[in-house]
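The values are calculated or read from the model by the stated rules, or taken from the named source; none is laboratory data. What you see is a predicted model; the values in this text were computed from it and never measured. Cβ sites come from the backbone with ideal geometry, for glycine too, and all protein chains shown count toward neighbours.
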Amino acid sequence: YKRNCWVTTECEDPFVADVIRWFGDDRILWESDFPHPDSKYPHTTNEFMELLPDQISMESKAKILWDNTVDFYRFPDEYLPTEFSEATDVPLTAVG
């Protein structure tokens, strides 16, 4: 499972801490639930960053918000933003 499956999480999903404990943070992808009417977009990134600060490390959040998606889609480096602000409204210092 840990090598072949990916899990998605929404910004307010408290179970992501359990998933990290059970399977690690290498296969978890973040999703905003946009454009569903009950979505928290455009505040989903900020809400995820504030989720369970005592249980989910900033390193894990950075992987879930960014690194794992790059790995999943196998984006070439030249397609990636050169500044973190190009991809999100969360300051780079917030994710390490």
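Values computed for the structure shown
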item	result
Checklist (1) modelled with pLDDT of 80 or more; (2) touching a Phe, Trp or Tyr at 6+ places or on another chain (Cβ under 8 Å); (3) within 25 Å of PRO81 (Cβ to Cβ) applied to PHE23, failing item	(3)
Output for segment 47-59, where each listed residue is surrounded by fewer than 18 Cβ atoms within 10 Å (Cβ to Cβ) and not aliphatic (A, V, I, L, M)	GLU47, GLU50, PRO53, ASP54, GLN55, SER57, GLU59
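Quick grid of which residues meet (1) modelled with pLDDT of 70 or more; (2) under 16 Å from THR9 (Cβ atoms); (3) surrounded by 13 or more Cβ atoms within 10 Å (Cβ to Cβ):
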{"position": "GLU31", "(1), (2), (3)": "yes, yes, yes"}
{"position": "HIS36", "(1), (2), (3)": "no, yes, no"}
{"position": "LYS40", "(1), (2), (3)": "no, yes, yes"}
{"position": "LYS61", "(1), (2), (3)": "yes, yes, yes"}
{"position": "SER85", "(1), (2), (3)": "no, no, no"}
